[in-house]
Amino acid sequence: MVFRAGDLDWHVTNDWLKEWTYATAWQEALRHGRLPWFLADSFQTTNRLLANPETVASPHVIALRWLSPGTFLVLNAAICAGVGVVALSRLCQALTLSPLISFAVFAVFLLNGHIVSHLSAGHLQWITCWLLPCLFLFLFRAGTGDRTARTETGLALSLMAMTMLGGWHVFVWSVIFVTAWALADRSRWMFALRVALWTGSLTAFRIAPAAAVYASSANIFLGGYPSVGVLVGALVGEPRDAINGLSWWEYDAFVGWVGFALVCAGAGAIDRARRASAEHQWWLPSVVLLALSSSDLYKWTLFRLPGFVSERVSTRLVLLTVLGFTLIGSAILNRWAAQPSGRLWRTASVGAAGALMLPLLFRANLFRPAPAQVPAALPASVLAMQPVGLSYSVSVGIGAAISLFALALALRHQRARPTLANC
Amino acid sequence: MAVAQWAWVVAALVGAIAANSSIAAVVGLPAALLMQLTHRSAVQVPAITFLGLLSWAVVVHVRRHALLERLWWFAAGLWAMGFAVWFSAPAILTGMSRMTG
């Protein structure tokens, strides 16, 4: 099996070495009282840590002064999961989903094969996928008419949180999703424009240095889903060997048969009655991301744009499709389960379906690694002393200043008295 | 999966519903944390608490009790954080310890 059921050789896996180096660089810098401008080694074609948007750059890195890199990253994962569930609870309440239906959404959101397999492969930035309910929550509020500054800044702050924790990929997928959502209805354009301005300002501390000293168009596109069969296999099937040179974790989107039924229900909600419902606003963006994750469509379109060139593997975009369709499907299931006739057997059916989601957990267990075998030889110091250069230092300084100013303004809007729609 | 493990899971599900689903979940969550702290992170612990959450959701779905529903989300949040630690701690800590020795 290509991914060895999660039992990877961490010491020879570049992703793990990369994550360890990023965290250790902050630790080393904090303990020596300086900024981690340069790494001794290059990762993702750069050794400029502050210009690499897949590193953690949030205020809580200060905890690395006392915590080990491993403990810090576990803490990060727990925080993201906790925040994600808080947002999910508000989203489910906004969608008036019953706890039983919410349980199914909760299981797909937390235990889906995409996140689990990527985390298992050492892609620790994927913990920011657990922040995606924030995106859906604010889009739902905007879609139901609440396009206040509070909603705008809430959405932009959610996107900022992803970039702060190194989730650049998740940020890019979210931007595509929001753009598709906005383009679908002209009345959303101004809202989307304001969100774009907020997001640009709030993430300037990541985008400005990356644009100034890191931006590269030399990426090679690696692939999308080659066929519908592979996509369906990724949603419900067992892990397979590499396809087109890509390991299975790049295809894996396992949601089990119950999750698959929800996804199909959401995907099939194209009739007029369902189109009128508020959650249906996610249908078109979900379809757009599904199309972009297929074959080489992304390569010939967005891959040519700055920033979007980072998505060399377009299969990853399917996560937002899965979550979007799951939410739409759950709303449909909720209406079905709430019908007064035959409520008992309807509840029993949904409960039994919930129990059938247990294999998601057992599957996640397979991706947990075996105990350590061979420790790797690591450098005593991961930082390098080099002349910083004007463009690098200025872009970091100006980017941080813009982001701090925007953050102060955004938090002011968030503290404003919420409207009824925000409650 | 072994038949015995499935039997264990079914027994846990029946037991959780028969006894009291809410209590099963509330007791199960600290048990999961305890197992984490003692490094006995078997899949059975998250599994039984997962089913506890499900059975609790069934109760709330039928009775529609606002406080129980809020408590359910609180428990779900705790479960998610527990899952993140259960899943990622071995991966991250093992990955790191393999490098640091």
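Would you say A:Phe140 is in contact (Cβ under 8 Å) with a residue 60 or more places away in the chain, open to solvent by 10 Å² or more (accessible area, probe 1.4 Å), within 30 Å of B:Arg63 (Cα to Cα) and in a helix (DSSP H, G or I)? Quick ask: steps written out before the conclusion?
Details: in contact (Cβ under 8 Å) with a residue 60 or more places away in the chain: yes; open to solvent by 10 Å² or more (accessible area, probe 1.4 Å): yes; within 30 Å of B:Arg63 (Cα to Cα): yes; in a helix (DSSP H, G or I): yes.
When the stated conditions are applied, A:Phe140 passes them.
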Report summary line: Picked from region A:69-85 (must be open to solvent by 50 Å² or more (accessible area, probe 1.4 Å) and more than 16 Å from the chain's Cα centre (by Cα)), the residue modelled with the lowest pLDDT is A:Thr71
Report summary line: Matching residues in region A:90-121 (buried (at least 23 other Cβ atoms within 10 Å of the Cβ) and within 12 Å of A:Leu137 (Cα to Cα)) number 2
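Listed here are the residues, each with its yes/no results for (1) in contact with a Leu (Cβ under 9 Å, 6 or more places away or on another chain); (2) more than 12 Å from A:Trp173 (Cα to Cα); (3) open to solvent by 50 Å² or more (accessible area, probe 1.4 Å).
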position	(1), (2), (3)
A:Phe260	yes, yes, no
A:Ala267	yes, yes, no
A:His280	no, yes, no
A:Thr301	yes, yes, yes
A:Arg304	no, yes, yes
A:Gly307	no, no, no
Report task. Being open to solvent by less than 10 Å² (accessible area, probe 1.4 Å) and more than 7 Å from chain B (Cβ to nearest Cβ) is the filter here, so list the residues in region A:350-361 that pass it. Result -> A:Met357, A:Leu360
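Would you check if A:Ala364 is at the interface with chain B (Cβ under 9 Å from one of its Cβ atoms), assigned to a helix (DSSP H, G or I), over 19 Å from A:Asn112 (Cα atoms) and out of contact with any His (no Cβ under 7 Å at 6 or more places or on another chain)?
On the way: at the interface with chain B (Cβ under 9 Å from one of its Cβ atoms): yes; assigned to a helix (DSSP H, G or I): yes; over 19 Å from A:Asn112 (Cα atoms): no; out of contact with any His (no Cβ under 7 Å at 6 or more places or on another chain): yes.
So A:Ala364 does not fit the description; no.
Each row is one residue, and each column tells you yes or no for (1) in contact with a helix residue (DSSP H, G or I) (Cβ under 8 Å, 6 or more places away or on another chain); (2) open to solvent by less than 70 Å² (accessible area, probe 1.4 Å); (3) facing chain A (nearest Cβ under 9 Å).
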position: B:Gln44; (1), (2), (3): yes, yes, no
position: B:Thr49; (1), (2), (3): yes, yes, no
position: B:Leu53; (1), (2), (3): yes, yes, yes
position: B:Trp56; (1), (2), (3): yes, yes, yes
position: B:Val62; (1), (2), (3): yes, no, yes
position: B:Leu67; (1), (2), (3): no, no, no
position: B:Arg70; (1), (2), (3): no, no, yes
position: B:Gly77; (1), (2), (3): yes, yes, yes
position: B:Met81; (1), (2), (3): yes, no, yes
Query - Matching option when the condition is aromatic (Phe, Trp, Tyr) and under 17 Å from the mean Cα position of the chain (by Cα), among A:Phe43, A:Phe106 - result: A:Phe106
Query raised in the report: A:Gly122 is checked against (1) at the interface with chain B (Cβ under 9 Å from one of its Cβ atoms); (2) part of a helix (DSSP H, G or I) and fails just one. What number does that condition carry?
Result: (2)
Query raised in the report: Of the residues that make up region A:243-254, is at least one at pLDDT 85 or above, assigned to a loop (DSSP other than H, G, I, E, B) and charged (D, E, K, R)?
Result: yes
Report task. Exactly one condition in (1) open to solvent by 10 Å² or more (accessible area, probe 1.4 Å); (2) part of a helix (DSSP H, G or I); (3) under 17 Å from A:Thr203 (Cα atoms) is not met by A:Ala57; state its number. Result -> (2)
Report task. Name every residue in region A:383-410 that is surrounded by 22 or more Cβ atoms within 10 Å (Cβ to Cβ) and outside any helix (DSSP H, G or I), in order of residue number. Result -> A:Leu383
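The values are calculated or read from the model by the stated rules, or taken from the named source; none is laboratory data. Model, not experiment: these values are computed from the prediction. FYI the Cβ positions are ideal-geometry reconstructions off the backbone, even for glycines, and counts take in every protein chain you see. Remember, those area values only see protein heavy atoms, side chains included, never the ligands or the DNA or RNA. Shrake-Rupley method; radii C 1.70, N 1.55, O 1.52, S 1.80 Å.
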